[in-house]
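Data block below; observations after.
The values are calculated or read from the model by the stated rules, or taken from the named source; none is laboratory data. This structure is a prediction, so every number in the text was calculated from the model and none was measured. Here the Cβ is made from the backbone with ideal geometry for all residues, glycine too, and neighbour counts use every protein chain on show.
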Amino acid sequence: MAAMNHVMIEKIERANHIVLMAHVNPDADSLGSASAFYSYLLRQQKQLTLFCATPRIDRRLALLPWFDKLRHQMPRQADLAICFDCGSRERLGTDIECELINIDHHASNSGFGMYNVIDTNAISTTQMVYDFFREHHIAINAKMATALYAGLVDDSQHFLHTKTDAAAFEMAAELLRCGADTRGVAKALFQTTSLASLRLEGVLYEQLRLRHDGRIALLHLDLQTRSDTGAEPHEAEAALHRAQTLATVNVSVLLRERRHGSVKCSLRGDGSVNVAAVAAHFGGGGHRDSAGFIANGTLCALEEEIMSILYEEMS
């Protein structure tokens, strides 16, 4: 890892225009990592582009520094791109013509970058960025600290994830000392919602079904329900996480109908079942307790296919 970090430093020093990339439909870990790196590279007086292919980003992430600098078209003249928390090339949402450094903590990462820095033991990609800063004695200012803390607290599920250890709390404590806006992050990520989101949650809870003796919670979101409530697709994930708190549930499944005949599936688990293995059957990936994929088909047909694979994994 140390040798690869030195290669990354050399590539950064030689580059003139660097693109920092969050994955499509970014979370606080991906965009927080890119934001923190943006602050760091501003000191190097580089030409920078903060990029995400998704034009409508979860507004809760607006608390992250440099959110207003986000661009949604890949610049043509860049000579280096660095992507954060992208489990696969498809998650970039665009083609890359320049050199690419891939920084990630997903076990399913295929190593698609020209240079790959992957640590599956890290609780978040922001932890990897934090360790990089510490290793190279890079001072962390308040903006960097806020961005890194947001990714840590989001990917650790507010420090409830099974990977949460002393290092995660030590990182949080150090970021607080560096000026992280911990209260602002908590309010934005966990105490902010929309009326449309609340309406959507009510609909999803009403039609929630339990399968496999109550061990699987199943949620459907079709295009009509989205239209009726006015909610964004990512707002359905609140119900997905809430379903996971049911006493008997080991795995929660959210199927979201998309335009043009495809379905997005999000899986969350308690660690007893490897949901990344389920996602891999459909060309997706993720972590043991959090994974997803996109497949063609109808909600009902895909449900039965997923259930069959899940039953096998759970037996």
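Please name all residue pairs, on different chains or six or more residues apart, with Cβ atoms under 6 Å, provided the first residue is in segment 292-307 and is on the phi < 0 side of the Ramachandran plot and assigned by TED's automatic domain parsing to the domain that holds Gly261 and the second residue is surrounded by 14 or more Cβ atoms within 10 Å (Cβ to Cβ) and of a type in the set (Asp, Glu).
Short answer, once both residue conditions are applied: Leu299/Glu257.
In segment 1-39, how many are in a loop (DSSP other than H, G, I, E, B) and more than 24 Å from Ala188 (Cβ to Cβ)? Can you show your working first?
Filtering segment 1-39 for residues in a loop (DSSP other than H, G, I, E, B) gives 1, 15-16, 23-27.
Checking the rest, the ones that are also more than 24 Å from Ala188 (Cβ to Cβ) come to 1, 15-16.
Residues meeting the conditions: 3.
Please go through segment 98-112 and pick out each residue that is without any contact (Cβ under 8 Å) to a residue 12 or more places away in the chain and either assigned by TED's automatic domain parsing to the domain that holds Gly286 or touching a Ser or Thr at 6+ places or on another chain (Cβ under 9 Å) (or both). Spell out how you get there, then give the answer.
Taking segment 98-112 and keeping what is without any contact (Cβ under 8 Å) to a residue 12 or more places away in the chain, we get 111.
If the condition is that a residue be without any contact (Cβ under 8 Å) to a residue 12 or more places away in the chain and either assigned by TED's automatic domain parsing to the domain that holds Gly286 or touching a Ser or Thr at 6+ places or on another chain (Cβ under 9 Å) (or both), then no residue fits.
Matching residues to (1) modelled with pLDDT of 95 or more; (2) part of a loop (DSSP other than H, G, I, E, B); (3) closer than 24 Å to Tyr149 by Cα:
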{"position": "Leu41", "(1), (2), (3)": "yes, no, yes"}
{"position": "Leu50", "(1), (2), (3)": "yes, no, yes"}
{"position": "Glu97", "(1), (2), (3)": "no, yes, no"}
{"position": "Leu100", "(1), (2), (3)": "yes, no, no"}
{"position": "Ala107", "(1), (2), (3)": "no, yes, yes"}
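Only residues that are touching a strand residue (DSSP E or B) at 6+ places or on another chain (Cβ under 7 Å) and surrounded by 16 or more Cβ atoms within 10 Å (Cβ to Cβ): list them for segment 116-128, please.
Within segment 116-128, Val117, Ile118, Thr125, Met128 meet the criteria.
Please pick out the residue among Asp68, Asp79, Asp95 that is surrounded by fewer than 22 Cβ atoms within 10 Å (Cβ to Cβ) and without any contact (Cβ under 8 Å) to a residue 12 or more places away in the chain. Talk me through it step by step, then tell me what you get.
Values: Asp79 fails: without any contact (Cβ under 8 Å) to a residue 12 or more places away in the chain; Asp95 fails: without any contact (Cβ under 8 Å) to a residue 12 or more places away in the chain.
When all the criteria are applied, what remains is Asp68.
Just name the residue that is nearest to Thr162 (Cα to Cα) out of those in segment 253-290 that are of a type in the set (Lys, Arg) and assigned to a loop (DSSP other than H, G, I, E, B). Spell out how you get there, then give the answer.
Keep residues of segment 253-290 that are of a type in the set (Lys, Arg), which gives 256, 258-259, 264, 268, 288.
Restricting the remaining residues to those that are assigned to a loop (DSSP other than H, G, I, E, B) gives 258, 288.
Working: Arg258: 32, Arg288: 10 Å.
That would be Arg288.
If you go through segment 295-315 one residue at a time, how many are assigned to a strand (DSSP E or B) and surrounded by 15 or more Cβ atoms within 10 Å (Cβ to Cβ)? Walk me through how you get there before you give the answer.
Start the filter on segment 295-315 by keeping residues that are assigned to a strand (DSSP E or B), which leaves 295-296.
Right, trim to surrounded by 15 or more Cβ atoms within 10 Å (Cβ to Cβ) and you get 295.
Summing the residues that are assigned to a strand (DSSP E or B) and surrounded by 15 or more Cβ atoms within 10 Å (Cβ to Cβ) in segment 295-315 gives 1.
Here's the yes/no breakdown for (1) touching a residue at least 40 places away in the same chain (Cβ under 8 Å); (2) touching a Phe, Trp or Tyr at 6+ places or on another chain (Cβ under 8 Å); (3) outside the structural domain of His161 (by TED's automatic domain parsing):
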position	(1), (2), (3)
Thr229	no, no, yes
Ala239	no, yes, yes
Arg242	yes, yes, yes
Val253	yes, no, yes
Arg256	no, no, yes
Ser262	no, no, yes
Val275	no, no, yes
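Could you say which residue among Ala139, Ala150 is assigned by TED's automatic domain parsing to the domain that holds Trp66 and either more than 13 Å from the chain's Cα centre (by Cα) or of a type in the set (Val, Ile, Thr) (or both)? First the steps, then the outcome.
Details: Ala150 fails: either more than 13 Å from the chain's Cα centre (by Cα) or of a type in the set (Val, Ile, Thr) (or both).
On inspection, the qualifying residue turns out to be Ala139.
Give the residue, chosen from Gly184, Gly202, Gly179, Gly214, that is touching a helix residue (DSSP H, G or I) at 6+ places or on another chain (Cβ under 6 Å), free of Cβ contacts under 8 Å to residues at least 60 places away in the same chain and surrounded by fewer than 16 Cβ atoms within 10 Å (Cβ to Cβ). Lay out the reasoning, then the answer.
Values: Gly184 fails: free of Cβ contacts under 8 Å to residues at least 60 places away in the same chain; Gly202 fails: touching a helix residue (DSSP H, G or I) at 6+ places or on another chain (Cβ under 6 Å); Gly214 fails: touching a helix residue (DSSP H, G or I) at 6+ places or on another chain (Cβ under 6 Å).
Checking each option against the conditions leaves just Gly179.
Here are some conditions: (1) under 30 Å from Ala236 (Cβ atoms); (2) loosely packed, with under 15 Cβ neighbours inside 10 Å. Gln47 meets all but one. Which one does it not meet?
(1)
State which residue is surrounded by the fewest Cβ atoms within 10 Å (Cβ to Cβ) when the search covers only segment 130-146 and only residues that are of a type in the set (A, V, I, L, M) and in contact with a Gly (Cβ under 8 Å, 6 or more places away or on another chain). Before the answer, list the steps.
Within segment 130-146, the subset of a type in the set (A, V, I, L, M) is 138-140, 142, 144-145.
Keeping just the survivors that are in contact with a Gly (Cβ under 8 Å, 6 or more places away or on another chain) gives 142, 145.
Values: Ala142: 14, Ala145: 24.
Result: Ala142.
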